[in-house]
Amino acid sequence: MTQIRASTLLAAVCLLIWLGLLGFGLWPFNFFPRNRVEWIPNGNGLHFDRYGQVYSVSPAKFNGNSTTQDNGSYSIEIWLDPWAKTYPEVSAILLIDNPAPRPDFAIMQSGPDLLVRGQFLDKNNKSSIHKLWMDDACRKGAPRFISFTSEPEGSALYLEGVLQKRYPLVLTSDGLSGRLLLGHPPTGHQSWTGDIFAVAIYDRALIAVEVSQHYQDWQQGRLADLMAEKGIVAFYPFDERSGSVIHNRVGSAPALITPSRFRLLHPAILSSNLEINLGGLQDIVVNILGFMPFGFFTYAYLRHVGRLGKVPSALIAIALGGVTSLAIELLQVFLPTRYSSLLDLIDNTLGTALGVIAFSRLAARKLWTENKSYQA
């Protein structure tokens, strides 16, 4: 009777832990979450909250209408107000989703700093991914006017119309080709919180005096002067103040839309992205610790009721943990607010194995104590 009760209790504990893991891994069970983007009251601009996104209706090549001879040169101006100083991960503000298998161009926030990432050419004409930093450019609670320029002589970052940094790197000629996204990347959950008031893209590199003048124009609302600038191919002043369409006022670049429901444009299946930051380290610890009780009690149940021996019982327990984690990660593909990760699968399986090891050590210690007591 005692053995039956112990077996039943262990089975119940295993089932409860298993259901808890499924619930935690799939919460909040929202397959069609609301897109958390809203028009700013009494002004131009959009407010982005977590799981908020805006994207162009189609891809574009932002140097396709170039009337200048400065091919391969670009400028991007964005007027924004960050709502947070720190994020657990690097958060995307503006991103060009390249259709080809090459890195996306992105302007992101990392803590209080601004980060520009893309495919750049160095002085040896070698192409590779580079990250350009501008310290303390995303100070919380204050609108910031940020400008990025790239030309054959190099790239530059400006803040409030003033040059901050130059880099001997040149954005590749197709670096701004693709779908324009704001507030959220096409995959993953590096979301951004804050306001965006306007975005302008040029197919030429602005010089310092032009950037300074544009900052003055933005502040004083001289939109007509900005729209008349040479080389401007996209201009989004976010002045609709309602609706789901954001019109491009200059050039042939596509309009932007704010969908009613949030969804990842490119949901990953067991993403192999192993880039780890502070938030990633916390996730690793949670994923390992979360599956340790499952490994502990499942192995205990198999050892209590089975006749398979230590090694087969351990392998079955670890396999059950891995299969459970795999099922969660595959189901997360259909949950826009969750992220299917190969690293999570590895961490969960490792946590199960550590739970098995913990019970084995505990059982061995108990057996050693009992033998020592018997010998005494």
### Single residue of the stretch 72-105 satisfying the filter (buried (at least 20 other Cβ atoms within 10 Å of the Cβ), modelled with pLDDT under 95 and among the small types (Gly, Ala, Ser)) that is nearest to residue 233 (Cα to Cα)
73
#### Entry: Residue list for the stretch 306-362, restricted to those being among the basic types (Lys, Arg), more than 23 Å from residue 6 (Cα to Cα) and part of a helix (DSSP H, G or I)
none
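So that you can scan it fast, the table gives a plain yes or no per residue for (1) out of contact with any strand residue (DSSP E or B) (no Cβ under 8 Å at 6 or more places or on another chain); (2) at pLDDT 95 or above:
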| position | (1), (2) |
| --- | --- |
| 271 | no, no |
| 319 | yes, yes |
| 334 | yes, no |
| 337 | yes, no |
| 361 | yes, no |
| 372 | yes, no |
### Query
Being of a type outside the set (Gly, Ala, Ser), at pLDDT below 95, in a loop (DSSP other than H, G, I, E, B) and in contact with a Leu (Cβ under 9 Å, 6 or more places away or on another chain), is that true of even one residue in the stretch 37-56?
no
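Being on the phi > 0 side of the Ramachandran plot, part of a loop (DSSP other than H, G, I, E, B) and modelled with pLDDT of 95 or more, is that true of even one residue in the stretch 159-182?
Looking for residues that are on the phi > 0 side of the Ramachandran plot, part of a loop (DSSP other than H, G, I, E, B) and modelled with pLDDT of 95 or more, one finds at least one in the stretch 159-182, hence yes.
Every residue, every condition in (1) aliphatic (A, V, I, L, M); (2) at pLDDT 95 or above; (3) surrounded by fewer than 18 Cβ atoms within 10 Å (Cβ to Cβ), yes or no:
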{"position": "226", "(1), (2), (3)": "yes, no, no"}
{"position": "230", "(1), (2), (3)": "no, no, yes"}
{"position": "247", "(1), (2), (3)": "no, yes, yes"}
{"position": "251", "(1), (2), (3)": "no, no, no"}
{"position": "257", "(1), (2), (3)": "yes, yes, yes"}
{"position": "284", "(1), (2), (3)": "yes, no, yes"}
### Task
Please go through the stretch 145-199 and pick out each residue that is surrounded by fewer than 19 Cβ atoms within 10 Å (Cβ to Cβ) and among the basic types (Lys, Arg).
165, 166
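Conditions tested, residue by residue: (1) under 23 Å from residue 335 (Cα atoms); (2) not assigned by TED's automatic domain parsing to the domain that holds residue 178.
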{"residue": "6", "(1), (2)": "no, yes"}
{"residue": "13", "(1), (2)": "no, yes"}
{"residue": "17", "(1), (2)": "yes, yes"}
{"residue": "25", "(1), (2)": "yes, yes"}
{"residue": "43", "(1), (2)": "no, no"}
{"residue": "51", "(1), (2)": "yes, no"}
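The values are calculated or read from the model by the stated rules, or taken from the named source; none is laboratory data. As the structure is a computational prediction, the values presented were derived from the model and not from experiment. Glycine gets a Cβ as well: all are built from the backbone with ideal geometry, and neighbour counts include every protein chain shown.
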